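Let me begin by presenting the structure, written as structure tokens, before commenting on it.
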């Protein structure tokens, strides 16, 4: 099932918008070997035997996930689970693993995407045929569209810069391995004084998701059971030069959901007046 709509953001003087996809928090655990799964039991037993013989812990490779690693301990009897708050590896198309790498590259189909990310995401290579950004997790997707043609982006590491999407206003997308943000940078006081940056509309297309607002002014994308899939803290605006007469910016972000708070709570409130930090992406 799919749905679509429009998002409008109002600003007082200038606009910087950020979108960050966040991934649902994974509860990692070591699976218990059973008699019904002889192959798994054998892998665990082999790891324990090798660890006991070498006096060094041995990874149980079959237990790998993006954020979890399981080791057989040198005592030959127990296992240790190491769980990271961020991905330490990401899956590849051929079923293997690679190191996370948010560096943006152009793909054969004309889109832009990170080299290695924990969620599927892609950004526009320019034009008006594709959305500005699309993110997908387990078949559930959200696509954010710019209402108009985009220039070909200039890539620099993890960022893609679309120049002059409005007069004296650039659009910058920055990827992380778990999501992304986009910001509209108003470059001159004259641009800030024009009516165009006061309200920016983005098209929003969803598949198997719906959007609900939380009590801090942010949004959550939830599945049919009400589980968070992505979340977007409320938009923020800041003065990049510390002067009210200088260019300023506003950000909002979308990221994979954190299950530590209930839908509607303001756990993702970034707070007003401060430039978003890297963790907001």
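Every number here is computed from the coordinates shown, using simple stated rules; none is lab data. Because the structure is predicted, anything quoted here is derived from the model rather than measured. Here the Cβ positions follow ideal geometry from the backbone for every residue, glycine too, while neighbour counts run over all protein chains shown.
What order do you get for 142, 150 when you list them from fewest to most C-beta neighbours inside 10 Å? Please report the intermediate quantities before stating the final value.
Values: 142 25, 150 21.
By the 10 Å Cβ count, ascending: 150, 142.
How much length, in nm to one decimal, is gained on full extension between residue 85 and residue 199, taken as 0.36 nm per residue of separation minus their Cα-Cα distance? Intermediate values should be presented prior to the final figure.
Values: separation 114, 0.36 × 114 = 41.04 nm, distance 3.59 nm.
Stretched fully, the residue 85-residue 199 segment lengthens by 37.5 nm.
Figure the gain on full extension for residue 53 and residue 156 (residue separation times 0.36 nm, minus the Cα-Cα span) and round it to one decimal in nm. Each step should come with its number before you reach the end.
Details: separation 103, 0.36 × 103 = 37.08 nm, distance 4.86 nm.
Here the segment from residue 53 to residue 156 would lengthen by 32.2 nm.
Which of the peptides 171-177, 151-157 is most tightly packed, and how do the rest follow, judged by the mean count of other Cβ atoms within 10 Å per residue? Write out the running numbers ahead of the final one.
On the way: 171-177: 25.1, 151-157: 14.6.
Ranking the peptides 171-177, 151-157 by packing returns 171-177, 151-157.
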